[in-house]
Amino acid sequence: MSESRFSGQWLRDMPATAWHEIVVLREAVFVVEQACAYQETDAHDLVARHFSLRIDNALAGYLRIVPGAIPAIGRVLIAPAFRGRGLGYRLMNEGLLETYWLCGDVAVSVSAQAHLRDFYQRLGFVVISDVYLEDGIPHCAMQRQPGVAARA
């Protein structure tokens, strides 16, 4: 039986080795796998809550929560070896609970890759923009209103 564990940390409280593991996975997915050359780490990382899913101590999933009037969830990923198990929904649902714990029952935004629109809609997000290019990849802005229950 696999042991899974969710945890959130601020960068200032995170061991350097844990941050390095997260950055390596983010770059592997968002830069290398998606063939998208861009500055993957940014100033949001300094203020974000870094939320991870570990399965048998391996980093299986990650997202970051950027607090604000409308908090933003971003950099959502499942490591390639753990895909196809429905972990994206578990990660997002736990990430939304963490956002609620941090910010209260407020709207939450995501800048979603356009091909993942249905995934986020099942989590209660609605599209609030036309499709736009972000780092050469089609995205759309989505928002989840306070009190919305996920369907996933």
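Exactly one condition in (1) of a type in the set (Ser, Thr, Tyr); (2) in a loop (DSSP other than H, G, I, E, B); (3) under 17 Å from residue 100 (Cβ atoms) is not met by residue 7; state its number. Only one criterion in (1) of a type in the set (Ser, Thr, Tyr); (2) in a loop (DSSP other than H, G, I, E, B); (3) under 17 Å from residue 100 (Cβ atoms) is unmet by residue 7, namely (2).
Filter region 97-152 down to residues that are more than 14 Å from the chain's Cα centre (by Cα) and among the acidic types (Asp, Glu) and give me whichever is modelled with the lowest pLDDT. Within region 97-152, the match that is modelled with the lowest pLDDT is 135.
Every residue, every condition in (1) open to solvent by less than 60 Å² (accessible area, probe 1.4 Å); (2) of a type outside the set (Lys, Arg); (3) in contact with a Leu (Cβ under 8 Å, 6 or more places away or on another chain); (4) not in a strand (DSSP E or B), yes or no:
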| site | (1), (2), (3), (4) |
| --- | --- |
| 60 | yes, yes, yes, no |
| 88 | yes, yes, no, yes |
| 92 | yes, yes, yes, yes |
| 102 | yes, yes, no, yes |
| 111 | yes, yes, no, no |
| 115 | no, yes, no, yes |
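Residues in region 117-136 that are aliphatic (A, V, I, L, M) and open to solvent by 30 Å² or more (accessible area, probe 1.4 Å): 126, 127, 128, 131, 133. Residues in region 4-44 that are of a type outside the set (Gly, Ala, Ser), in contact (Cβ under 8 Å) with a residue 40 or more places away in the chain and open to solvent by less than 70 Å² (accessible area, probe 1.4 Å): 6, 9, 10, 22, 25, 26, 29, 30, 34, 36, 38.
Which of the residues that make up region 58-95 are in contact (Cβ under 8 Å) with a residue 40 or more places away in the chain and either at positive phi or among the hydroxyl-bearing types (Ser, Thr, Tyr) (or both)? Result: 62, 75, 89.
The values are calculated or read from the model by the stated rules, or taken from the named source; none is laboratory data. Since this is a predicted model, take the numbers as computed values, not measurements. Cβ: placed from backbone, ideal geometry, glycine included. Neighbour counts: every protein chain shown. The protein model used for the area step is the full one, side chains on, heavy atoms only, and it has no ligands, DNA or RNA in it. Shrake-Rupley method; radii C 1.70, N 1.55, O 1.52, S 1.80 Å.
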